[in-house]
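Okay, structure first, notes after.
The values are calculated or read from the model by the stated rules, or taken from the named source; none is laboratory data. Computed from a prediction, not measured in an experiment: that's the story for all the values here. Neighbour counts run over all protein chains shown; Cβ positions are idealised from the backbone, glycine included.
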Amino acid sequence: MIQDVKPKNWAVVNNAKGLHEIHESDINVAILKRDIKVFNREISLLVSETTKIELHGSVEVLISKLKNKLKEYKLISKDIISLLLNFKEITRATSFKLLLTTVDTNMCRKFHIDNITLRLLCTYFGPGTLWLPEDSINRKALNGVSNNNAIVINENNTQQVKTGDVLLLKGQKYCATSNAVMHKSPIIEGHGLKRLLLRIDTNYFLNF
């Protein structure tokens, strides 16, 4: 769970503008606290279907396609567009890739670093993404090591974002820091759980 005392490497904010703290040199995770109860009906419908929307291009292109693909889900569509516009302001990028999908597997089950600059994640349904504080990472063991036990100093310190909160992560392509965040997907496979996950990246790669 997120601690009440602000640790060294992440910021917890209450408004979208606060997410700009991700650019601080000592921050590699920024979390926007939210209440998404207003989306419950639309979320339930999306979770009950096999939802998978993959888009890439400019913000204008993504907004147009989102409005078309989510025309029956106006609240979720409006929320995603708002997050996309804020992410554009934060990253100053001109091209993005977006994934909105239902998930019933563990996806990335080991702690890892993304080969991106910045990534936005929001779990609308199900358990949220997990990450490690800096004092629980052995960064010297990262190169050439596939065993998480050698990298993770204390897995008991693992943090997890709450459902509905917005998570910004620094990847290894973020030029201002070498301390990209280590994170992983929650374990849901075999537990009868599902997630509805939104992921937005700056468009360095078009694969999803």
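The rows are residues; the columns are (1) modelled with pLDDT of 95 or more; (2) within 23 Å of Asp201 (Cβ to Cβ); (3) in contact with an Asp or Glu (Cβ under 6 Å, 6 or more places away or on another chain).
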{"position": "Arg34", "(1), (2), (3)": "yes, yes, yes"}
{"position": "Phe39", "(1), (2), (3)": "yes, yes, no"}
{"position": "Glu42", "(1), (2), (3)": "yes, no, no"}
{"position": "Leu46", "(1), (2), (3)": "yes, yes, no"}
{"position": "Leu55", "(1), (2), (3)": "yes, yes, no"}
{"position": "Glu60", "(1), (2), (3)": "yes, yes, no"}
{"position": "Ser64", "(1), (2), (3)": "yes, yes, no"}
{"position": "Leu70", "(1), (2), (3)": "yes, yes, no"}
{"position": "Lys74", "(1), (2), (3)": "yes, no, no"}
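Taking the conditions (1) assigned to a loop (DSSP other than H, G, I, E, B); (2) more than 25 Å from Glu155 (Cα to Cα) in turn, Ser82 satisfies each one other than (1). Among the residues examined, Ala11 does not qualify as surrounded by 13 or more Cβ atoms within 10 Å (Cβ to Cβ), farther than 20 Å from Leu130 by Cα, within 16 Å of the chain's Cα centre (by Cα) and at pLDDT below 95. Is segment 113-120 home to any residue that is in contact with an Asp or Glu (Cβ under 9 Å, 6 or more places away or on another chain), modelled with pLDDT of 90 or more and among the β-branched types (Val, Ile, Thr)? Checked segment 113-120: at least one residue is in contact with an Asp or Glu (Cβ under 9 Å, 6 or more places away or on another chain), modelled with pLDDT of 90 or more and among the β-branched types (Val, Ile, Thr).
Residue-by-condition table, conditions (1) over 18 Å from Thr51 (Cα atoms); (2) surrounded by 17 or more Cβ atoms within 10 Å (Cβ to Cβ); (3) touching a residue at least 40 places away in the same chain (Cβ under 8 Å):
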{"position": "Lys65", "(1), (2), (3)": "no, no, no"}
{"position": "Lys78", "(1), (2), (3)": "no, no, no"}
{"position": "Phe87", "(1), (2), (3)": "yes, yes, yes"}
{"position": "Lys97", "(1), (2), (3)": "no, yes, yes"}
{"position": "Thr102", "(1), (2), (3)": "no, yes, yes"}
{"position": "Tyr124", "(1), (2), (3)": "no, yes, yes"}
{"position": "Asp165", "(1), (2), (3)": "yes, yes, yes"}
{"position": "Gln172", "(1), (2), (3)": "yes, no, yes"}
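Yes or no: Thr117 within 22 Å of His183 (Cβ to Cβ), surrounded by 16 or more Cβ atoms within 10 Å (Cβ to Cβ) and in contact with a strand residue (DSSP E or B) (Cβ under 7 Å, 6 or more places away or on another chain)? So Thr117 fits the description; yes.
For segment 28-72, filtering for residues that are hydrophobic (A, V, I, L, M, F, W, C) and assigned to a helix (DSSP H, G or I) leaves 11.
Taking the residues in segment 175-184 that are at pLDDT 85 or above and either part of a loop (DSSP other than H, G, I, E, B) or aliphatic (A, V, I, L, M) (or both) as candidates, determine which candidate is farthest from Gly126 (Cα to Cα). Per the criteria, the residue is Ala180.
What are the residues in segment 135-151 that are under 23 Å from Val12 (Cα atoms), buried (at least 16 other Cβ atoms within 10 Å of the Cβ) and either at pLDDT below 80 or not hydroxyl-bearing (Ser, Thr, Tyr) (or both), if any?
Across segment 135-151, the qualifying residue is only Ile137.
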